[in-house]
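Please read the structure below before turning to the comments.
Here, each number is a calculation from the coordinates, and none is a lab measurement. Computed from a predicted structure; not experimentally measured. So basically every Cβ, Gly included, is an ideal-geometry build from the backbone, and we count neighbours across all protein chains shown.
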Amino acid sequence: MATESRLRIKTLIMVLAMVVCAVAGDLMLKRGMTDAGAVHFTTHGLLHFLASISTNATIWIGILFLLGFMASQMTVMSWADYSYVMPAGAFGYALQTFLAVVVLHETVSAKRWIGVLLICVGVILVGQTKPRTTECAVPEKAAAC
Amino acid sequence: MLTVLLLFILICGSTGGEVAIAQGAKTTGEPERMRPREILIFLGRAICSGWFWLGIPLMALSFFALLILLSWHPLSFVIPISALSYVVGALGAKYLLGEDVNTARWAGVILVCAGVALVAAG
């Protein structure tokens, strides 16, 4: 029982780290790509696109956050199911909406609130299931699993 | 047509990449303790896994498809469609990783998928 509870707590911590990094990374990337302008599908257009993103600090900060997301996702997936972690990470969309209302004082449509509600119910449903349903993949570490 | 192809690359690339990386992380074995040093050692070992190097090109492909799609279309178009990756991911977890995706988990995945689509479209 204590092992199960420990597993849930450390999974929750890593999923929260994933969500924060993903939200910050997505916001930075969207801002950076808006600054860079539309991509034209020609050799010159693609080269121009690569040159403009490689010198865009906002895109690099976004990429750093996404690397943080990837590190926390890899760590949590070493013990928890992918099908448990992946939907739980969608809580970031709900967080983005709450931040838009609380911090930016934006008006949020009813459609978006319904979406947030569905995500929260979905995450709660997935959260009720066991974080790990597979056997330990590394026999030497079976005792810790 | 190019948009449909890029959406396909976005969904299948990110899901395939994540499934491969999940397999790599599982075969590496979890960190002994939740401390930065142990986690860094784990990440170093996981990066040496072949699964990781299968996942990275797939995710890179998906990432570039996302960048191009975001420059062409609004977020409210790209994200609702890419939300299908939650369903594709659950299928990958069940059939490729052998996870037990029970009814509650399926219901959660479908609600999350619909919710993400609504949030992005709203």
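Per-residue shielding of A:120-128, expressed as the average number of other chain Cβ atoms within 10 Å of the residue Cβ, stands at 6.
From most to least packed by mean Cβ count within 10 Å, the peptides A:107-120, B:109-122, A:49-62 give B:109-122, A:107-120, A:49-62. Averaged over the residues of B:51-63, the number of partner chain Cβ atoms lying within 10 Å of the residue Cβ comes to 1.
Apply 1/(1 + (r/R0)^6) to the Cβ-Cβ distance of A:H40 and B:L75, taking R0 = 22 Å, and write down the FRET efficiency to the nearest 0.05. That gives a FRET efficiency of 0.65.
As an equivalent ellipsoid, segment A:1-79 spans semi-axes of 37, 11, 8 angstrom, where each value is the square root of five times an eigenvalue of the C-alpha gyration tensor, largest first. Once the Cα atoms are used to define both axes, helix B:2-28 deviates from the longest principal axis of chain B by about 20 degrees.
Peptides B:34-41, B:57-64 ranked from most to least packed give B:57-64, B:34-41, packing being the mean of other C-beta atoms within 10 angstrom over each peptide's residues.
Computed 3J(HN,Hα) for segment B:76-92, one whole-Hz value per residue from the Karplus formula 6.51 cos²θ - 1.76 cosθ + 1.60 where θ = phi - 60°, is 5, 9, 5, 5, x, 6, 5, 4, 4, 4, 5, 6, 4, x, 5, 5, x, glycine and proline marked x. Magnitude of the charge dipole for chain B, about its Cα centre and with charges confined to Cβ atoms of Lys, Arg (+1) and Asp, Glu (-1), is about 160 debye. Principal axis extents of the C-alpha atoms in the protein assembly as shown (largest first, rounded to whole Å): 55, 42, 34. If the viscosity is 0.890 mPa s and the temperature 25 °C, what translational diffusion coefficient in µm²/s does Stokes-Einstein give for chain A when Rh comes from Kirkwood over Cα pairs? Calculated translational D: 139 µm²/s. Overall shape of chain B was characterised from the C-alpha gyration tensor. The equivalent ellipsoid obtained from it has semi-axes of 28, 19, 14 Å, in decreasing order.
Taking the number of Cβ atoms within 10 Å of each Cβ as an exposure proxy, the fewest-first ranking of B:H73, A:H44 is A:H44, B:H73.
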